[in-house]
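Participant: Sharing a structure here in structure tokens format.
The values are calculated or read from the model by the stated rules, or taken from the named source; none is laboratory data. Fair warning: this is a prediction, and the values are worked out from it, not measured in the lab. Every residue, glycine among them, receives a Cβ derived from its backbone with ideal geometry; neighbour counts consider all protein chains shown. What goes into the accessible areas is simple: the full protein's heavy atoms, side chains included, and nothing from ligands, DNA or RNA. Shrake-Rupley method; radii C 1.70, N 1.55, O 1.52, S 1.80 Å.
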Amino acid sequence: MARDRFTPDYDPDCGDAPLTNARHDIVIGRWQGLRELLRDTGPDWLARGHRIRLLAQACAGSSTVESWLAAEPHSGDALVLRAATETARAFNLAIAAGRGVPIDPHRIDTAVTACLHASEAYLDDPTPWISLISVARLYSSGVRRQELSRWWDELHQRDPYSVEGHLQVLHYYSARWHGSHGLMYDFARDAAGVAPTGCALPVLVQYARVEEYRYALDVAQGSQSAVGLGQHWNHDGAVSDVRRTWQRWIMGRTNSGIAPGELRDLNYLAHAACNAHVPEVAATLLRMLGRRATRTPWSYTGDPDQQFVRWRKELKLRGA
């Protein structure tokens, strides 16, 4: 009897059921579910950052967070979510404008101000500083090095091993924004080098490799062959990086479960392991993931569904 065809599950909330329920509230303009979710999350920074980021994307097209603030103007949770929402709105404007087209700096200023207000309202929370570093790259010339360093110090003091926080700095330092490949990789490798065993920060190197690939495609105007990207994923350095991240992060983990906030990181490492042709690592990671998938980074190298099915078939993995 034929087995059911394997299909990945791209749950936008990464299996976080309480987050899914709260996002449904946004559709009907009910803010109380957001308050309850963030209150229950507390200072679990991994879960909080994941939830704030996805709630903000959902709130960007509504007035739900403004309704919450109107009812509870001094709520730290509401102010933190508003800051992330303003950041998401600024990025939506930038995406609509198109690559390289500047947006009104006053819209960026609005997001920056919201982030700073949120950081004062919830002093321990690293999330406003993540939003701040994220939106800073939308300024056409970036921000002063001293300012970025100060914001980074504030974030690092609150959550020194935040993958999302490090990732926003990595994006800022990338060649697609305000840096270079060298600066980006140096930052990723430095962060990975000081991370304790079992920490996910070594995966920053895989994020950097995807950033470099996206930049190369932009330069080539979508023509992969024009920039000779055939060895991008599987040269000796890329293979070594995959093995190093596997050893430092996955082999050092004490928790066998996958939190919703780290599902995307695991997909980045699985994507890198598959394309680097490290079968023993790739097979284990795909087994860990099962059907739980994120569209990026798979979408950067083709159709995500087709890639999942092809790699699982090549690695002789059975249904999830």
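Participant: For the stretch 53-120 and the stretch 196-274, what is the centre-to-centre distance using only Cα atoms, to the nearest Å?
Facilitator: Between the Cα centres of the stretch 53-120 and the stretch 196-274 lies a distance of 29 Å.
Participant: Taking the Cα centre of the stretch 126-225 as the origin and placing charges on Cβ (Lys, Arg +1; Asp, Glu -1), which of A200, Y161, S149 is farthest toward the positive end of the dipole?
Facilitator: S149
Participant: Net charge near L93: determine it from the other residues with C-beta under 15 Å of the C-beta of L93, scoring Lys and Arg +1 and Asp and Glu -1.
Facilitator: With Lys, Arg at +1 and Asp, Glu at -1, the neighbours total +1.
Participant: Once the whole set of protein chains is in place, how much accessible area is left on V135, using a 1.4 Å probe, in Å² to the nearest 10?
Facilitator: Roll a 1.4 Å probe over it and V135 shows about 0 Å².
Participant: Where in the stretch 254-292 is the amide nitrogen less than 19 Å from a point lying 7 Å along the Cα-to-Cβ axis of T197?
Facilitator: Output list for this probe position: 254-257.
Participant: From the P(r) of the stretch 67-116, could you give the percentage of C-alpha pairs in the tail past 13 Å?
Facilitator: Result: 58 percent of Cα pairs exceed 13 Å.
Participant: Sticking with this structure for a sec: If you take the Cα atoms of the chain, find Rg, then find the Kirkwood Rh from the mean of 1/r over all pairs, what is Rg/Rh?
Facilitator: Details: Rg = 19.8 Å, Rh = 20.6 Å.
Across the chain, the Cα-based Rg/Rh ratio is 0.96.
Participant: Roughly speaking, to the nearest percent, how much of the chain's 1.4 Å accessible area is carbon and sulfur?
Facilitator: 50 percent
Participant: About its Cα centre, how strong a charge dipole does the stretch 185-287 have in debye, to the nearest 20, once Lys and Arg get +1 and Asp and Glu get -1 at the Cβ?
Facilitator: Working: 9 positive and 10 negative charges, 61 e Å.
Dipole size: approximately 300 debye.
Participant: At 0.36 nm per residue, minus the direct Cα-Cα distance, what do H117 and Y10 gain on full extension? Give it in nm, one decimal, please.
Facilitator: 35.1 nm
Participant: Filter the trypsin sites (Lys or Arg not before Pro) in the stretch 243-320 down to the DSSP loop ones having no more than 12 other Cβ atoms within 10 Å, then list what survives.
Facilitator: K316, R318
Participant: Could you sort M288, M184 by their accessible area in this structure, using a 1.4 Å probe and putting the largest first?
Facilitator: M288, M184
Participant: When you have a sec, figure out the Kirkwood radius of the stretch 98-152 from all distinct Cα pair distances and drop it here in Å to one decimal?
Facilitator: That comes to 11.8 Å for the stretch 98-152.
Participant: I'd like the FRET efficiency for M288 and S240, computed as 1/(1 + (r/R0)^6) with the beta carbon distance as r and R0 of 30 Å, rounded to 0.05.
Facilitator: Numbers: r = 21 Å, r/R0 = 0.71.
For R0 = 30 Å, the calculated efficiency reads 0.90.
Participant: A further question on this structure: Report the gain in length on full extension from R189 to R253: 0.36 nm times residue separation, minus Cα-Cα distance, nm rounded to one decimal.
Facilitator: Length difference between fully extended and current span is 21.1 nm.
Participant: How large is the charge dipole for the chain, taken about the Cα centre, if only the Cβ atoms of Lys, Arg (+1) and Asp, Glu (-1) carry charge, to the nearest 20 debye?
Facilitator: For the chain, the charge dipole is close to 1000 debye.
Participant: What is the magnitude of the charge dipole of the stretch 5-53 about its Cα centre, with +1 placed on the Cβ of each Lys and Arg, -1 on the Cβ of each Asp and Glu, and no other charges, expressed in debye to the nearest 20?
Facilitator: Using Cβ point charges on Lys, Arg, Asp and Glu, the stretch 5-53 gives about 160 debye.
Participant: I need the calculated FRET efficiency for the pair Y300 and Q221, taking r as the beta carbon distance and R₀ as 22 Å, to the nearest 0.05.
Facilitator: In this case the efficiency is close to 0.90.
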